[in-house]
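Scroll down for the structure; my scribbles are underneath it.
The values are calculated or read from the model by the stated rules, or taken from the named source; none is laboratory data. Small disclaimer: the values here were computed from a predicted structure and weren't measured. Using ideal geometry, Cβ is built from the backbone for each residue, glycine included, and neighbour counts are taken over all protein chains shown.
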Amino acid sequence: MFNLKVLEMSNPKLKHLILVFLLALSIRLLYNALTPSRPLTVDDSTQWIQTANRFSEGKGFLTETEGLDPKRAPIYPLFIAMITSLFGPNLDLVKIAQSILGSLNCILIYYLSSHTLGTTIALWSSLICTLYPPFIVYSGILMSETLFTFLLLFFLLLFTKLLLKPYLKIFIGAGLFLGIANLCRGTLLLFPVFLLLLPLLIKDQRKWWLKYILLIAINFSIIFPWTWRNYKVYGGFMPVASGGSELLWFGTLPWTEQRLFGNAPSFQKLNLINNPIKNEQLYFKNALNNIILDPTSYFFLTIKKFIFFWFQPVGQKLTHNKFPIIGQLLFYGHALFIFLTIAGIFYSRQFWKNLLPIYLIIIYFSLLHTILAPEPRYRLPIEPLMILFTVQALYSMIQWYPKKFATTRVGLT
């Protein structure tokens, strides 16, 4: 097993964590109390709520607007249904629950940072997460981002602990959270392939092959009952939810049709039927045809999607429409954020073994959402990890500058 070295590693102080949590929770509750509620028709909120309501009424997970199109994975509707069943049909209570989860995400990034880069980076990362506007805004939006981020960070925390303490119970816990995260959003379905790279990249990890396979098996055992349910209901293979092939197909359309999602002229030409399995097959077939017919255009389109996915700030377009100057500042601020993330990865390169699970998840998200239709909010669950590297970059620059200045003065004398 390789030796894990971290900066200023020490036990986190409980009072610091309590203060971070209370600060994050206060900001989120205050924001949701004082700002107008976002219209449910702006995003997918209506579909999530309808799915949750139908489940509470014993009608399963289908939504009235989508018929047999099962785009909603089960965990987030269950989350909404559980809260409204226990405390009453008040959606503000869901926002309070999401505010609590968002505050816990700040604590999770603290622990994740302290296990990889030390407690100084951890404290500042958690504090920035408490103040980061998209995390605050999405605590009040009834979509799965906040819950999925919580599950993803918890999985990553357990997985990084495996590098230090490869106990069987931690492998089991990581497999459970990976499976639940997949049932919240099927984004991580292919991530186990990346996990198997770990023993190949780190020599000392090869003896843990069986435990990694166990982790992956637990992940799929969590997903399997839902996959079997989909097979019985729809008559075909669908691991979690439909929509993956649709996003792949949209990702092959001309740039002017990329983000219209349903209103694109190309969409009107598809002969869709009331069968999600066959529709997914149709989307996949048409996506491959688009790529094969013009691979050069698709190559340059993919580059454009990659740039858009990373450099388009979450919510920037809506902000720019109302406040153009603020929208411009958001764009340049986000560009600086990306630069600092890259710089932080460079400055933390000596701890690459500690950080390898985080590297893998960032690479995975980047590849997946560049191939599919790019949407900035899909990046939101990994932005706490980007904040971690941003803090590392700033910390390293602050440490470097006095030393460089002192060296220059000595050289002059």
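Side notes on the structure shown:
- Pairs where the first residue, in the range 129-157, is more than 19 Å from Leu30 (Cβ to Cβ) and the second is among the hydroxyl-bearing types (Ser, Thr, Tyr), C-beta under 8 Å, 6+ apart: Met143/Ser45; Met143/Tyr76; Ser144/Tyr76; Glu145/Tyr138; Leu147/Tyr76; Phe148/Tyr76; Phe148/Thr187; Leu157/Tyr111
- Evaluation of Val314 against the conditions (1) in contact (Cβ under 8 Å) with a residue 40 or more places away in the chain; (2) assigned to a helix (DSSP H, G or I) shows that the sole unmet condition is (2).
- Consider the range 275-298 and keep the residues that are polar (S, T, N, Q), without any contact (Cβ under 8 Å) to a residue 60 or more places away in the chain and surrounded by 13 or more Cβ atoms within 10 Å (Cβ to Cβ). The one that is nearest to Trp249 (Cα to Cα) is Asn286.
- Of the candidates Leu247, Leu282, the single residue that is within 22 Å of Phe299 (Cβ to Cβ) and at pLDDT 85 or above is Leu247.
- Scope the range 370-395; condition touching an Asp or Glu at 6+ places or on another chain (Cβ under 8 Å) and crowded, with 23+ Cβ neighbours inside 10 Å; matching residues: Pro381
- Residues considered: Glu145, Glu66. Of these, the only one that is of a type in the set (D, E, K, R), at pLDDT 90 or above and either crowded, with 21+ Cβ neighbours inside 10 Å or at negative phi (or both) is Glu145.
- Pairs with Cβ under 7 Å, 6+ apart, first in the range 317-341 and of a type in the set (Asp, Glu), second surrounded by 15 or more Cβ atoms within 10 Å (Cβ to Cβ) and assigned to a helix (DSSP H, G or I): none
- Spans of helices (runs of 4 or more DSSP H) in the range 136-254 with at least 3 residues within 30 Å of Ile96 (Cα to Cα): 145-164, 168-184, 209-234
- Just so you know, in the range 223-246 the residues that are surrounded by fewer than 20 Cβ atoms within 10 Å (Cβ to Cβ) and among the charged types (D, E, K, R) include one that is farthest from Asn275 (Cα to Cα), and it is Arg229.
- Residues (buried (at least 17 other Cβ atoms within 10 Å of the Cβ) and modelled with pLDDT of 85 or more) located in the range 346-358: Tyr347, Ser348, Phe351, Leu355, Leu356, Pro357, Ile358
- The range 82-95: number of residues that are assigned to a helix (DSSP H, G or I) and surrounded by fewer than 20 Cβ atoms within 10 Å (Cβ to Cβ): 8
- Inter-residue pairs, beta-carbon under 8 Å, first closer than 13 Å to Leu123 by Cβ and among the aromatic types (Phe, Trp, Tyr) and in the range 380-396, second modelled with pLDDT under 95 and crowded, with 24+ Cβ neighbours inside 10 Å, 6+ apart: Tyr395/Ile121
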